[in-house]
Amino acid sequence: MSSDSVGPPNPTSVRAGMSAAWMLARREWTRFFRQRNRVSAAIVQPLLFWMLFGTGLRGAFTVAGDQNFMEFFLPGTVGLIVLFTAIFATISVIEDRREGFMQSVLVSPVGRWPVLLGKVIGGSAIAWVQAMFFLMLVYLFGTASISSSLLLLMPLLALVAIGMCSLGMIVAWPMDSTQGFHAIMMLGLMPMWLLSGSFFPIPAWNDSTIGQMILGGMMRINPLSYSMLEMRRLIYPEVDFSNAGFAPSSVTCWSVTIIATIVVTLIAWRLVRGSRKVDVIV
């Protein structure tokens, strides 16, 4: 009987499912480190964005604590690393289906939940390590100072990585074309990143034009905006962001991040469990 059947979980099938999920996660790591161009691109491209945009727009504006653009853009660069990694990690779902590997996993007795768990754990772990490696370089060169807030920054990055990989699974699971996957991810995730306060501040609603109010409203309903703000607080704990145009409390930012991660993961689980037509896509 499949572990997706209704009824109490069988401990043996749960252990088998966890083993299968761990195998899939390890497979993601092995594939990642064998593709050296992917390793370098995931770090170098956001680093170039940070240096080029940060240097070129350094004097464009200042924000809370007299931060320049390079300091302001740092959390957005970390978010971009997680986003790119989620794209590359979940696109393997389409490749595995074309190679026949995914079909062999789906017909196994362990059911479908190990597929989601393994892909999300593998992809988010890669994203988390890359983001932490980038931050270590930032701390090493003195762009930000290491503090006790790093202990909170690590689980926050893990939540964002899990949410992005789950969102990638939602897009990748019903897709049969890598080109279509890239198009949808760029059309959806890139605007989501841009409208999170990563590249420019979220405008205040006081004395704003209609266009700024609409833009500000879109950015305020974006769950990633709350994650980016809290990440900015944790990277620069000495800066007071309370007077910024958009500065909800840390409790609000953590709550929105956790709820959004749970929601997209459940949607991904529902899609993986319920969609059977993708089993025959080749």
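The values are calculated or read from the model by the stated rules, or taken from the named source; none is laboratory data. Predicted model, so just to flag it, every value in this text is computed and none were measured. Every residue, glycine among them, receives a Cβ derived from its backbone with ideal geometry; neighbour counts consider all protein chains shown. Accessible surface areas use protein heavy atoms only, side chains included; no ligands, DNA or RNA. Shrake-Rupley method; radii C 1.70, N 1.55, O 1.52, S 1.80 Å.
Observations on the structure shown:
- Accessible surface computed residue by residue for the stretch 149-263, with neighbouring protein chains in place and a 1.4 Å probe, gives 44 Å² per residue.
- Potential lengthening between LEU215 and LEU266 on full extension [0.36 nm per residue; Cα-Cα distance subtracted]: 15.5 nm
- In whole percents, the pair-distance distribution calculated for the stretch 190-258 from its alpha-carbon pairs, binned every 10 Å from zero, is 22, 54, 23, 1.
- Panel note: the C-alpha atoms of the stretch 139-282, placed on their principal axes, show extents of 54, 40, 29 Å (largest first).
- Length-normalised contact order of the stretch 80-219 in % [C-alpha pairs under 8 Å, at least 6 apart]: 32 percent
- For the stretch 167-262, the relative contact order comes to 25 percent (Cα pairs under 8 Å, sequence separation of at least 6).
- Where the Cα pairs of the stretch 71-151 fall when distances are cut into 5 Å bins, in %: 3, 13, 18, 18, 13, 10, 8, 7, 6, 3, 0
- Taking Lys and Arg as +1 and Asp and Glu as -1, the other residues whose beta-carbon sits under 15 Å from that of ALA131 total 0.
- Residue order for THR55, THR143 - accessible surface, 1.4 angstrom probe, largest first: THR55, THR143
- Sequence-separation-based contact order of the stretch 140-220, relative, with Cα cut under 8 Å and 6+ spacing, percent: 17 percent
- Accessible-area composition of the stretch 100-254, carbon plus sulfur, in percent [1.4 Å probe]: 73 percent
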